[in-house]
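K.L.:
Structure provided below as structure tokens; questions to follow.
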Amino acid sequence: MIKNGDYWMRAVRFLDAARSWSVHDIRFSEEVIVLDENMTTPNRTFRELSDVSRAVASNHLLIDWSENSEQWSFHQYSIYVSNMAFRLGPTVARLRLGLELLKNNFESDFQELIDAFEHNISDEAGNGDAKKSHAHLFLKSSRTYSVGVYGFEFQRTSPLDTTATLHAESMKIFSSNPYVMLGATVAQETHALPQLEHMFKGASRKRDIFSDEQWHDVSHFYDVHLDGTELRHAEDLNDIVWSLLNTREKENKFNDGFDSFIELQSGYWAGLASAVLDRKP
Ligand SMILES: [Fe+2]
Ligand SMILES: [Fe+2]
């Protein structure tokens, strides 16, 4: 999908998109045009990468869910949330592998990054309370939604092949090379926010059938991310990573990691779309 190192073409497409944005963004786009002289400018790159992630998160499956969730059958919902659980559950495991990799290949400028990983892992693990771990909150949210809408807890299905591939390959990436892992982490964290926004929008279409207490159980998983936490995960990385990419080799590795993770995510969404949306209710 994306050719490694094809950043110049991406920048051109990005500038085209930037020209059509709102007044606030026009100011930004002028800034981008000036900075275009210098292709390694951090903010341009981060904005560009976020743009790629947002496009991948705005996929066929999540758009259908966010706009037509009330049309989805129990089986469609079950496949969707089962595969999402397989994907979201190991987030903390991926980050722990990444942290280990940073510690095992320690360089003096990694400390701030290590702190950001530890903070992110702590968020994911519920800051010491297993019942507040994000994996646990997602299951609770999905169960409550399923019982409210369909009358039963969702049925756990086996992971699709594309889901299993995403998991296996991303565990390899997160234990490979610190700079490849860093690119993948930026892909993961910039994709998370738009993904969660679509997921929450779909669930919210049924807000009216839930009591406030039940809705708290459905929405809490989203609340703990959309309150700025998820944005912080991405912005912490934006503040730290660019100064670390101080050689062409490191930059290439970072780009490889980002592209690989984006491609795995695209494959995951395509697999899920065909399993869920091709299925008759
Ligand atoms: Fe999370
Ligand atoms: Fe995150």
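FYI, it's all coordinate maths here, none of it is from the lab. None of the values given here were measured: they were computed from a predicted structure. For neighbour counting, all protein chains shown are included, and Cβ atoms are generated from backbone atoms with ideal geometry for every residue, glycine included.
K.L.:
Which one is farthest from the chain's Cα centre (by Cα), of the residues in segment 158-170 that are of a type in the set (S, T, N, Q) and surrounded by fewer than 17 Cβ atoms within 10 Å (Cβ to Cβ)?
P.N.:
Applying the filter and picking the extreme gives Ser158.
K.L.:
Quickly run through segment 179-193 and pick out the residues that are among the aliphatic types (A, V, I, L, M) and either closer than 16 Å to His167 by Cα or away from ligand 2 (no atom under 15 Å from the Cβ) (or both).
P.N.:
Val180, Met181, Ala184, Ala187, Ala192
K.L.:
On the basis of being surrounded by 18 or more Cβ atoms within 10 Å (Cβ to Cβ) and more than 27 Å from Lys201 (Cβ to Cβ), does Leu88 make the cut? Even if it seems obvious, please write down each step before you answer.
P.N.:
On the way: surrounded by 18 or more Cβ atoms within 10 Å (Cβ to Cβ): yes; more than 27 Å from Lys201 (Cβ to Cβ): no.
It is false that Leu88 is surrounded by 18 or more Cβ atoms within 10 Å (Cβ to Cβ) and more than 27 Å from Lys201 (Cβ to Cβ).
K.L.:
Right, something else. Just wondering, is there one or more residues in segment 108-121 that are in contact with a His (Cβ under 8 Å, 6 or more places away or on another chain) and surrounded by fewer than 20 Cβ atoms within 10 Å (Cβ to Cβ)?
P.N.:
no
K.L.:
Give the residues of segment 194-224 that are within 15 Å of ligand 2 (Cβ to nearest atom) and within 16 Å of Ala85 (Cα to Cα), sorted by residue number.
P.N.:
Matches in segment 194-224: Gln195, Leu196, Met199, Phe200, Phe221, Tyr222.
K.L.:
Follow-up. Look at segment 184-222 and say how many of its residues are among the polar types (S, T, N, Q) and more than 14 Å from the chain's Cα centre (by Cα).
P.N.:
Going through segment 184-222 one residue at a time, the tally reaches 4.
K.L.:
Further question: Considering each residue of segment 112-128, count those that are assigned to a helix (DSSP H, G or I), farther than 14 Å from Ala93 by Cα and among the small types (Gly, Ala, Ser), and give that number.
P.N.:
The total comes to 1.
K.L.:
May I pose another question? For segment 94-135, enumerate the residues that are within 14 Å of ligand 2 (Cβ to nearest atom) and of a type in the set (Ser, Thr, Tyr).
P.N.:
Ser122, Ser133 - these are the residues of segment 94-135 that are within 14 Å of ligand 2 (Cβ to nearest atom) and of a type in the set (Ser, Thr, Tyr).
K.L.:
Would you tally the residues in segment 233-260 being within 16 Å of ligand 1 (Cβ to nearest atom) and crowded, with 17+ Cβ neighbours inside 10 Å? Steps first, answer last, please.
P.N.:
Initially, segment 233-260 is screened for residues within 16 Å of ligand 1 (Cβ to nearest atom), giving 233-237.
Next, from what is left, pick out any that are crowded, with 17+ Cβ neighbours inside 10 Å: 233-234, 236-237.
Final tally of qualifying residues: 4.
K.L.:
Is there a residue in segment 72-82 that is within 30 Å of Leu277 (Cβ to Cβ), within 12 Å of ligand 1 (Cβ to nearest atom), assigned to a helix (DSSP H, G or I) and touching a residue at least 40 places away in the same chain (Cβ under 8 Å)?
P.N.:
Scanning segment 72-82, I find no residue that is within 30 Å of Leu277 (Cβ to Cβ), within 12 Å of ligand 1 (Cβ to nearest atom), assigned to a helix (DSSP H, G or I) and touching a residue at least 40 places away in the same chain (Cβ under 8 Å), so the answer is no.
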